[in-house]
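S.K.: Quick one: this structure, given as structure tokens, is what I'll be asking you about.
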Amino acid sequence: MTTSMQGQVALVTGASRGIGKAIALQLAEQGVTVIGTATTEKGADAISGYLSGKGEGIALNVTQEDSINAALKHIDETYGQLDILVNNAGVTKDNLLMRMKDEEWDTVMDTNLKSVYRLSKGVMRGMMKRRSGRIINISSVVGTTGNPGQANYCAAKAGLVGFTKALAKEIAARGITVNCVSPGFIDTDMTKSLTEDQKQAIFANIPASRLGQPEEIAAAVVFLASPGAAYITGETIHVNGGMAMV
Amino acid sequence: MSTIEERVKKIIIEQLGVKEEEVKPEASFENDLGADSLDTVELVMALEEEFETEIPDEEAEKIKTVQSAIDYVTNHAND
């Protein structure tokens, strides 16, 4: 068994900042060619910039089937293979359920859950043919614990875990693993939008007494993508400073 | 140049790892040739590539036997 990831190709969605950026950078450090996606051309350019030759940024709207098909076609034509898919792109539209709008529910479901269905389906043929592949879905601790004001986000993130297990069983015999990494509260733009009261309440429940760093999520993703993790599938690795032990 | 029937049979033999004599026209992939549902999906993928055609899902679901695969390709192949 080879232990190198040199020469592999990875697609990381939502890679312009935060956890996605850390994942893209760490995969690139392993010699993986990384295609990182952003919602805008400007974001895509920023990704190309930080990858500095070890891949590229592309604009992708994960809620649009055409956009996904175009991105996968581009990858196929340019790189000829895709070994690793990291479904990281996600949004929050927080609201108490009693005030939640259909639009808030649908946006979170489309971006965080349906996109994973579409992208995973899109990469399946290539991975099945090569009898190898890694799909890593970024879930969230709140998909396990729940969080008030995030019924939509929690539902989508818990949905990813079920999706992951089902797909893992379908394709394990083809050498493809499907896993989740479930971050706790990580120091990103997404958690910066939490109120001070929310943060204090959260900190009281984190044994590590700090926010996690995006690099600490990326490390788990790189492990799952590595040859050494070939026998792990359908699993969720929780990276949350002890906040939830499940 | 092999006939369509020969090419289809060759793909079935390769994809399902079965012997040539098992690939009878009436043989069912799942009941007789030991394929599971994912094997059948892969078999259809292989047929699509060999014959450079796209088989819609609703048609693919009807391809359950050796003969049905040969018939589909005979009726739809580009060449």
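Bear in mind that the values in this text are calculations on the coordinates, not laboratory data. Only a predicted model underlies this, so the values are computations on that prediction, with no experimental measurement involved. Please note: Cβ atoms are built from the backbone with ideal geometry, for glycine as well, and neighbour counts cover all protein chains shown.
S.K.: Does region A:62-155 classify as rounded, prolate or oblate by the C-alpha gyration tensor (a ≥ b ≥ c root eigenvalues; a/c under 1.5 gives rounded; else a/b over b/c gives prolate, otherwise oblate)?
M.R.: prolate
S.K.: In degrees from 0 to 90, rounded to the nearest 10, what is the angle of the helix A:214-225 Cα long axis to the longest principal axis of chain A?
M.R.: The helix A:214-225 is inclined about 40 degrees to chain A.
S.K.: Could I ask something else about it? Looking at chain A as a GNM with Cα springs under 10 Å, which of A:THR233, A:THR177, A:THR145 has the largest mean-square fluctuation?
M.R.: A:THR145
S.K.: Could you give the angle, 0 to 90 degrees to the nearest 10, between helix A:115-130's Cα long axis and the longest principal axis of the Cα atoms of chain A?
M.R.: It is inclined by approximately 30 degrees.
S.K.: Can you tell me which of A:ALA173, A:ALA59, A:ALA219 moves the most in a GNM of chain A? Springs connect C-alpha atoms under 10 Å apart.
M.R.: Sorting by GNM fluctuation, first place goes to A:ALA173.
S.K.: A further question on this structure: Which of the trypsin sites (Lys or Arg not before Pro) found in region A:10-107 are in a DSSP loop and have at most 11 neighbouring Cβ atoms, other than their own, within 10 Å?
M.R.: Sparse-neighbourhood loop trypsin sites (Lys or Arg not before Pro): A:LYS101.
S.K.: From the Cα gyration tensor of chain B, with a ≥ b ≥ c the square roots of its eigenvalues, which class applies: rounded if a/c is under 1.5, or else prolate if a/b is larger than b/c, or else oblate?
M.R.: oblate
S.K.: Which residue fluctuates most in the GNM of chain A (Cα springs below 10 Å): A:GLY234, A:GLY126, A:GLY14?
M.R.: Maximum among the listed residues: A:GLY126.
S.K.: Pairs of lysine in chain A with Cα under 16 Å and at least 8 positions apart or on different chains: total?
M.R.: Lysine pairs meeting both conditions in chain A amount to 13.
S.K.: In degrees between 0 and 90, to the nearest 10, how far off the longest principal axis of chain A does helix A:151-171 point, with axes built from Cα atoms?
M.R.: 30
S.K.: Working from the alpha-carbon coordinates of chain A, get Rg over Rh, Rh being the Kirkwood radius.
M.R.: Across chain A, the Cα-based Rg/Rh ratio is 0.95.
S.K.: Separation between the B:GLU5 and B:ASP36 pseudo-spin-labels, each 7 Å from Cα along Cα→Cβ, expressed in nm?
M.R.: Spacing of the two 7 Å Cα→Cβ label points: 3.3 nm.
S.K.: Please enumerate, by chain and number, the lysines with C-alpha under 18 Å from the C-alpha of B:LYS19, excluding those fewer than 8 residues away in the same chain.
M.R.: B:LYS9, B:LYS10, B:LYS64
S.K.: About the Cα centre of the protein assembly as shown, what is the dipole size in debye to 20, counting +1 per Lys and Arg Cβ and -1 per Asp and Glu Cβ, all else neutral?
M.R.: In debye, rounded to 20, the protein assembly as shown gives about 1440.
S.K.: For chain B, which longest stretch is free of loop sites, where a loop site is one of the trypsin sites (Lys or Arg not before Pro) that DSSP puts outside H, G, I, E and B and that has at most 12 other Cβ atoms within 10 Å?
M.R.: That would be B:20-61.
S.K.: For the residue pair A:ASN95 and B:ILE13, what label-to-label distance in nm results when each label sits 7 Å from Cα along the Cα-to-beta-carbon direction?
M.R.: Once both label points are built, they end up 6.3 nm from each other.
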